[in-house]
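A.B. asks: Below you'll find the structure I mean.
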Amino acid sequence: MVAGRAAEPPGEAIAAFHLEQRARGVSPHTLRAQRGDLEKLLEHAVRWKWDGWDIAPRTLRGFALELGQRGLDPATQARILSTVRGYFKWLWETGRIPRNPASGLRNPKQPSRLPAFLTEGESQALLDLPPATDFPSARLACLLELLYASGLRVSELVGLDLQDLLGEQRTLRVLGKGSKERLVPYHERAAAVLAEYLSHRAAFLASRALPPSPALFLNQRGGRLTPTSVRTLLRRALEAAAVRARVSPHALRHSFATHLLNRGMDLRAIQELLGHASLSTTQRYTHLGLDELARTYEKTHPRARG
């Protein structure tokens with residue numbers, strides 16, 4: 001505790017922190033998470049009889065160790081420790097403690113998770129839909145085909161406007177993360193599915209006497225389709241095609257990258273198509289590619305099978 005400052009009960013300090021966070025405009029969801037995280041910290045402090053928040057770094061590491069011992073997954077531990085670091089930084093900046101014991105507090109090592117993806121056969125099963133007969137079926141076919149043809153994020157797909165279709169070049173102008181624009185090509189089959197959808201889209205607007213919309217993908221009221229609606233549509237399509245359970249719509253983006261890599265496309269070219277700022281993000285797919293190469297090797301090498 002800084003000299004000259006009256007002692008403040010630990011719970012009151014946490015309450016003051018929450019008030020300041022709310023005043024800064026932190027979202028209700030984040031506030032709820034922070035409240036739960038700091039309740040865990042306070043329970044630990046009371047149980048171990050901490051004398052306020054002016055503690056040694058090794059004492060705080062005891063709390064981090066306990067989180068692991070309780071069986072919390074690394075992502076949850078990392079979130080709690082992020083809240084704790086922010087709290088102790090605030091305690092130090094507001095003069096409640098003379099030093100910050102959380103400055104060197106590290107997150108647990110996160111397990112390496114390879115992105116889920118569909119095999120080429122599963123992708124074909126998903127995309128081989130009956131011919132479109134109306135606006136909803138044409139829209140679903142176009143959503144699926146463009147996702148697999150371009151590797152877009154769902155949010156990027158619904159953000160497309162008609163003016164982003166560069167038809168002569170068969171290219172999409174995409175606004176990605178960080179408002180970074182990129183051009184992504186799509187193949188001839190996707191172009192045919194897109195043309196079919198645009199025909200149904202025009203007929204749909206005319207039949208409902210709806211005003212024109214700049215959005216490429218529309219909902220039943222003529223407004224822009226939302227990412228949540230697209231995920232629901234794609235999840236139903238995955239189920240209808242009997243594709244493996246627990247595969248999200250984002251798997252089409254991963255499948256796009258994995259299949260291109262397996263067929264020999266340069267990793268940096270895939271990075272450009274996906275809109276990854278860092279090559280290290282794209283390099284996750286090399287593990288998937290190596291797995292495929294290993295399976296092919298085992299099947300084809302003359303001495304790999306006895």
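A.B. asks: If r is the Cβ-Cβ distance from residue 82 to residue 266 and R0 is 30 Å, what FRET efficiency results, to the nearest 0.05?
C.D. replies: E between residue 82 and residue 266, to the nearest 0.05, is 0.25.
A.B. asks: Still on this model: Can you tell me the FRET efficiency between residue 199 and residue 19 if r is taken as the Cβ-Cβ distance and R0 is 45 Å, rounded to the nearest 0.05? Mind showing how you got there, number by number?
C.D. replies: Numbers: r = 57 Å, r/R0 = 1.26.
Between residue 199 and residue 19 the formula returns 0.20.
A.B. asks: Dividing the alpha-carbon radius of gyration of segment 1-153 by 2.2 N^0.38 Å (N being the number of residues), what value is obtained?
C.D. replies: In units of the 2.2 N^0.38 Å rule of thumb, it is 1.61.
A.B. asks: Once Rh for segment 169-226 is found with the Kirkwood sum over Cα pairs, what is the Stokes-Einstein diffusion coefficient at 25 °C and 0.890 mPa s, in µm²/s? Mind dumping the intermediate values first?
C.D. replies: Working: Rh = 13.1 Å.
So the translational diffusion coefficient is about 188 µm²/s.
A.B. asks: Residue 226 versus residue 173, label points 7 Å from Cα toward the beta carbon: distance in nm?
C.D. replies: 2.8
A.B. asks: Another question about this same structure. How would you classify segment 59-101 from its alpha-carbon gyration tensor, with a ≥ b ≥ c the square roots of the eigenvalues: rounded for a/c under 1.5, else prolate if a/b is greater than b/c, otherwise oblate? Present the calculation step by step, with values, prior to reporting the outcome.
C.D. replies: Numbers: a/c = 4.75, a/b = 2.10, b/c = 2.26.
Taking the square roots of the gyration eigenvalues as a ≥ b ≥ c, segment 59-101 is oblate.
A.B. asks: Roughly speaking, what is the centre-to-centre gap between segment 92-160 and segment 1-78 when only Cα atoms are used, to the nearest Å?
C.D. replies: Between the Cα centre of segment 92-160 and that of segment 1-78, the gap is 32 Å.
A.B. asks: Based on the mean of other Cβ atoms within 10 Å per residue, sort peptides 184-196, 151-163 so the most packed one is first.
C.D. replies: Per-residue mean Cβ counts within 10 Å order the peptides as 151-163, 184-196.
A.B. asks: Moving to a separate point now. Calculate how large, on average over all directions, the projected area of the Cα convex hull of segment 74-229 is; give the answer in nm² to one decimal.
C.D. replies: That works out to 14.1 nm².
A.B. asks: Something else now. Considering only 33, 74, 55, whose Cα is most displaced toward the positive end of the charge dipole of segment 10-93, charges sitting on Cβ of Lys, Arg (+1) and Asp, Glu (-1)?
C.D. replies: 74
A.B. asks: Would you look at the GNM of the chain, springs on alpha carbons closer than 10 Å, and say which of 136, 212, 227 moves the most?
C.D. replies: 212
A.B. asks: Which of the aspartates and glutamates could be linked to residue 49 by a straight reach, that is with a Cα gap under 19 Å, when you skip same-chain ones fewer than 8 residues away?
C.D. replies: 8, 12, 37, 39, 66
A.B. asks: In addition: Any chance you could give the angle, 0 to 90 degrees and rounded to 10, that helix 284-300 forms with the longest Cα principal axis of the chain?
C.D. replies: 60
A.B. asks: Of 259, 18, 276, which has the largest mean-square fluctuation in a 10 Å C-alpha GNM of the chain?
C.D. replies: Checking each option, the largest mean-square fluctuation is seen for 18.
A.B. asks: Explain nothing, just the number: relative contact order of the chain, from Cα pairs under 8 Å at least 6 residues apart, as a whole percent.
C.D. replies: RCO, the chain: 16 percent.
A.B. asks: A further question follows. Going by C-beta contacts inside 10 Å, put 44, 254 in order with the fewest on the left.
C.D. replies: With the sparsest Cβ surroundings first, the list reads 44, 254.
A.B. asks: I'd like the antiparallel share, as a percent to the nearest 5, of DSSP beta bridges with both residues in the chain.
C.D. replies: Antiparallel bridges make up about 100 percent of those DSSP assigns within the chain.
A.B. asks: Shifting gears a bit: Just to be sure I understand: with springs between alpha-carbon atoms less than 10 Å apart, which residue in 128, 73, 266 has the highest mean-square fluctuation in the Gaussian network model of the chain?
C.D. replies: Highest fluctuation of the listed residues: 73.
A.B. asks: What angle, in degrees between 0 and 90 and rounded to the nearest 10, separates the Cα long axis of helix 135-150 from the longest principal axis of the Cα atoms of the chain?
C.D. replies: 70
All of the numbers you see were taken from the coordinates with simple rules; none came from a lab. Bear in mind the structure is a predicted one, so any value in this text is a computation, not a measurement. Using ideal geometry, Cβ is built from the backbone for each residue, glycine included, and neighbour counts are taken over all protein chains shown.
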